[in-house]
1. Could you order Trp250, Trp361 so the one with the most accessible surface comes first? Probe is 1.4 Å.
2. Checking the cross-link filter: which lysines have an alpha carbon closer than 17 Å to that of Lys101, excluding same-chain neighbours under 8 positions apart?
3. Run down the lysines and flag those whose C-alpha is under 23 Å from the C-alpha of Lys243, throwing out any fewer than 8 positions away in its chain.
4. Probe of 1.4 angstrom, ligands and nucleic acids ignored: what's the accessible area per residue over segment 203-298, in square angstrom?
5. Just by accessible area at a 1.4 angstrom probe, what is the order of Phe58, Phe295 from largest to smallest?
6. Would you calculate a helix-derived [θ] at 222 nm for the chain, using -39,500 (n - 2.57) for each DSSP H run of n ≥ 4 and dividing by the full residue count, to the nearest 500?
7. Report, as a whole number in µm² per second, the diffusion coefficient that Stokes-Einstein gives for segment 310-352 at 4 °C and 1.567 mPa s using the Kirkwood radius over alpha carbon pairs.
8. Of the DSSP beta bridges with both residues in the chain, give the percent that are antiparallel, rounding to the nearest 5.
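The values are calculated or read from the model by the stated rules, or taken from the named source; none is laboratory data. Remember, predicted model here, so these are calculated numbers, not experimental data. Accessible surface is based on the protein model in full, side chains and every heavy atom, while ligands, DNA and RNA are left aside. Shrake-Rupley method; radii C 1.70, N 1.55, O 1.52, S 1.80 Å.
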Amino acid sequence: MQTTRHYLTLLLMLCCVSAYPQGREKYEYTRNLPVYADSLIADLTYPLAWGNSDIRDFDVWKQAAREKVFDCMFTPPPAPVNGFEAKVLYEEQRDGYKARKLEIRLSRYYTVPAYLLIPDGKGPFPAVNVLHDHGAHLFIGKEKVIRPLACEDSVVINDAEAWVQNYEGQFFGDYLAQHGFVVFSSDAPMWGERGQKEGPRRDKYDMIAGNMMMYGIDLSAYMTYDDIRATDYLASLPEVDPKRIGCTGWSMGAYRTWMLSALSDHIKAGAAVCWMVTTDEQLTLHYSRTENGGFANCLPGLRRWLDYPHIASIACPKPMLFINGSQDKLFPVAGAQKAFAIMHDVWESQGAVNNLETELWDIPHSCPLKAQERVLRFFLKFL
């Protein structure tokens with residue numbers, strides 16, 4: 001009897017749900033944005049941006065802007081008590097370089113899996129931290145940009161081989177190692193071996209990010225804090241010339257690239273492929289898209305002070321390369337062009353205009369072979 005009553009209750013609930021229309025006649029949100037999105041954008045004045053701020057000394061401004069970014073990144077993960085405590089879990093020889101799987105303690109809370117590629121011969125070598133993408137695909141992280149080592153499960157290896165088609169079949173990190181660079185890549189929080197026990201699900205990322213904020217922690221900020229500390233580790237290696245370290249990535253990896261370039265003094269040059277825009281073109285209802293960024297690049301409160309290109313400009317006068325795609329549906333051309341113009345004004349104001357290279361290519365949201373070749377030439381020039 002109780003089972004029957006439960007069944008009838010459930011059936012009634014389902015009938016009521018199906019009777020609901022798609023939405024109420026009056027509403028306040030559409031396509032994942034508030035209907036007053038343009039009013040919110042109009043109220044953003046970016047008072048700490050270079051040129052808007054009353055700070056006129058560029059070095060003083062950089063320090064103030066950095067401090068504001070870190071302030072909006074909330075509490076950092078506590079530093080490891082006994083240093084990085086890096087362990088080599090596996091090593092194999094590849095054509096012209098060694099490949100290692102590492103486990104590094106980046107925080108008192110956790111260790112981080114990573115890959116390291118070291119060219120054959122006598123160092124120290126220039127180095128690149130290759131930062132993996134998002135792609136709504138969380139099962140692998142570092143394996144997206146460095147070919148998995150033989151110690152990995154066949155499911156991981158096969159998944160990486162499938163994903164690398166986004167890079168036209170070439171592992172970006174291995175490509176750089178073949179040309180004489182030490183290459184490092186680690187899993188970001190929620191990706192690869194730092195994922196969820198129950199398995200990777202894109203919708204769970206946002207739920208977990210929200211829960212992390214309840215601790216006073218920002219998940220996107222943890223990603224950047226880890227990238228900074230991982231670069232500190234990279235600079236400490238005897239095979240690496242600490243004065244010649246760069247970073248690069250595509251999509252979320254590009255976001256990580258210019259954030260890391262802005263916030264780490266170890267980074268001397270950065271190359272970002274397909275992630276630069278202005279907020280007025282990203283968080284607007286003027287386009288049909290429904291994906292506008294989300295928790296993967298969410299630093300609460302920061303937009304009241306600085307926009308994306310203003311943050312990237314903290315890297316000035318470092319050499320920086322930005323490539324965006326004219327067919328990229330995630331980053332409108334208008335937003336990329338506005339961001340490029342803002343950054344060029346900053347680099348020009350510091351007499352470093354030749355150190356900033358911004359390019360708009362006829363490509364979708366992708367990192368084709370020609371983009372990887374362009375990044376290599378950039379690093380050969382500046383590192």
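1. Numbers: Trp250 15, Trp361 45 Å².
Descending accessible area places them as Trp361, Trp250.
2. Lys87, Lys142, Lys144
3. Lys62, Lys98, Lys122, Lys268, Lys318, Lys381
4. Values: 3040 Å² over 96 residues.
For segment 203-298, the solvent-accessible area averages 32 Å² per residue.
5. On the way: Phe58 15, Phe295 60 Å².
From most accessible down to least: Phe295, Phe58.
6. Rounded to the nearest 500, the figure is -11000 deg cm²/dmol.
7. On the way: Rh = 11.1 Å.
In µm²/s, the coefficient rounds to 117.
8. Working: 23 of 47 bridges.
Expressed as a percentage, antiparallel bridges in the chain total about 50.
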